[in-house]
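Here is the structure we will look at, set down as structure tokens.
The values are calculated or read from the model by the stated rules, or taken from the named source; none is laboratory data. All values reported here derive from a predicted model rather than from experimental measurement. Cβ: placed from backbone, ideal geometry, glycine included. Neighbour counts: every protein chain shown. These accessible areas exclude ligands, DNA and RNA; they are computed on the full protein's heavy atoms, side chains included. Shrake-Rupley method; radii C 1.70, N 1.55, O 1.52, S 1.80 Å.
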Amino acid sequence: MLPDFEHNRVYRLALIKKADPNNPKSDPIISYTIVVCDSDLNILGEWEIPSKYDLSSPVLVNSQGLWLLDKEKTNPEETLLTFDIFDGKFKKE
């Protein structure tokens, strides 16, 4: 859980594992969701996080909000890391 005191929110990132319906013996399909709550932990919404965001890297919270690392915008040498600010919605892939 990540508190966002500036916006009176709490973010919870969750790992979702589901069996592959086409191949039940294979590794599970992994996805992530984000649950956003107010400061009293009332749920404001839940979103599936697109696969372009790398949740194995640091997730940051500051006065601008929640920052997620965008793997697609990171250059191959990893000399430039690009984060997107979560604004309550994700663009369709």
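Which whole-number percent is the relative contact order of the chain (Cα, under 8 Å, 6+ apart)?
Rounded, it is 20 percent for the chain.
With +1 on the Cβ of every Lys and Arg and -1 on the Cβ of every Asp and Glu, and nothing else charged, how large is the dipole of the range 1-72 about its Cα centre, in debye rounded to the nearest 20?
280
Run the 1.4 Å probe and let me know the accessible area of residue 85, rounded to the nearest 10 Å².
70
What label, among (i) 66, 28, 17; (ii) 40, 26, 24; (iii) 45, 38, 22, belongs to Cα extents along the principal axes in Å computed from the structure on display?
Derived directly from the coordinates: (iii).
Have a look at 17, 52, 71 and tell me which one the Gaussian network model of the chain (Cα, springs below 10 Å) gives the largest fluctuation.
Greatest mean-square fluctuation among the candidates belongs to 17.
Is there a quick way to get the dipole size of the range 1-43? I mean about its Cα centre, with the Cβ of Lys and Arg at +1 and of Asp and Glu at -1; what is the value in debye to the nearest 20?
Around 300 debye, computed over the range 1-43.
Determine the order of 16, 34 by accessible area, beginning with the largest, at a probe radius of 1.4 Å.
Most to least solvent-accessible, the answer reads 16, 34.
Checking the a/c ratio against 1.5 first, then a/b against b/c, what shape does the Cα gyration tensor give for the range 38-84?
Because a/c hits 1.5 or more and a/b exceeds b/c, the range 38-84 counts as prolate.
With every protein chain present, what is the per residue accessible area of the range 5-59 (1.4 Å probe, Å²)?
Result: 72 Å² of accessible area for each residue.
What's the carbon and sulfur percent of the chain's accessible surface, probe 1.4 angstrom, rounded to a whole number?
Its accessible area is 51 percent carbon and sulfur atoms.
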